[in-house]
Amino acid sequence: MTHYRFNNMTIKVPKIKLSRILDIKDEIDTLFSKTTINLNKTFKNMDSAEVTYNAFLDYDIPPHHFMMLGDFMYITSTRSNDDNTLKKTKEVEQYIADKFNKSIKGRILLSWNENSILTERMELLKQAMACYDQGFYGPVVSVFATQLEGVIKQKVDKQFDQVITSDLKNIVNLLFSKKGVGSLDLTSAKYYADKVVSSNKNKPSNRHAIAHGNIANYTKEIDAIRMILIFDCIVSRLDKTDKDLLVTVLDKRKIKYKKSKRS
C-alpha cells in the first residue's frame, strides 16, 4: 500500500504489480482477437450470396436492417443447402414473430415518424398496425402491399404514372446495391425481386397477387409481419435515396419504349 499526503489527508493507494497489468492486457488482447476472428468468419459466411439467399427465400423471411447479427446467423444456420424439407419453417417463423413483437416493431414505428415520405399516410399505417395488435392480420397485409407502389411513385412525383414489374425490379436493385463483406443487399435485392415484385407468383409475400386479389391466404401473423418488414425496408431506403436516381430508372424505360414504337 502506498500513502500519499494531500493537504491534511492521507490517501492510501494499493500497489498494482506490473506483471498483473500485463496479464490483464494479454487477456483483453486474446478476447478481442477471438472476437475478431469469429466476426470475420461470420461476415465471410454472410457474404456468400448462396447461403443467405437460400435461407431467406426458402423461409420467405425478408432481410431487415433492425435484425441483429445473431438473427441472421440463426436463420442461415437452420437452412442446409442439401435440406429440401424445410423442417424448421414453423420454428423460424415463430422466432421472427417473437423478435418482431419484442424489439423490431417499436423501432419501425419510431422510424416512420421520421420518414418524410410517410407523413400523409401515417393515419392509414397506424390503423393497419392497430389491426395487427388485435390479431386481424389479413387487412394488415392488404394495406402495406398496396401502399408500397404508391410510396415509390410519391417519391418520384409520378403518382399517376404506370410502374411496371421491370421498373420495380430496377428500383429494388438500385435501392439495394451495397456490396462488400457483411452486406446483405445482394440477398435483399434477390428476395424483393423474386418474392415481392414479380407478377407471376401467387404467394403471401407477392405484392401483385395481393393487390389484384389473386390470393386470400395471407391471414396469419407471419404474413402480416413479413409484409410490414417488406414495406419498412423499402420505404426506409426510399427516404434516403436521391429522387433523381429513381426518376432515371423510370425515364429509361419510357425512352426505350418510345424508340421501339418509332421503329
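The table below lists the values:
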quantity: Unique match (being touching a residue at least 60 places away in the same chain (Cβ under 8 Å), more than 19 Å from I96 (Cα to Cα) and among the charged types (D, E, K, R)) among K190, K169; calculated: K190
quantity: Yes/no for K201 being over 27 Å from E114 (Cβ atoms) and either assigned to a loop (DSSP other than H, G, I, E, B) or at pLDDT 80 or above (or both); calculated: yes
quantity: Filter result (on the phi > 0 side of the Ramachandran plot and buried (at least 21 other Cβ atoms within 10 Å of the Cβ)) within the stretch 139-157; calculated: none
quantity: Residue that is farthest from K195 (Cα to Cα) [pool: residues in the stretch 103-156 that are assigned to a helix (DSSP H, G or I) and of a type in the set (S, T, Y)]; calculated: T119
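The values are calculated or read from the model by the stated rules, or taken from the named source; none is laboratory data. Being a predicted model, the structure only gives us computed values, none of them experimental. Quick reminder, even Gly has a Cβ in these numbers, built from the backbone with ideal geometry, and neighbours come from all protein chains shown.
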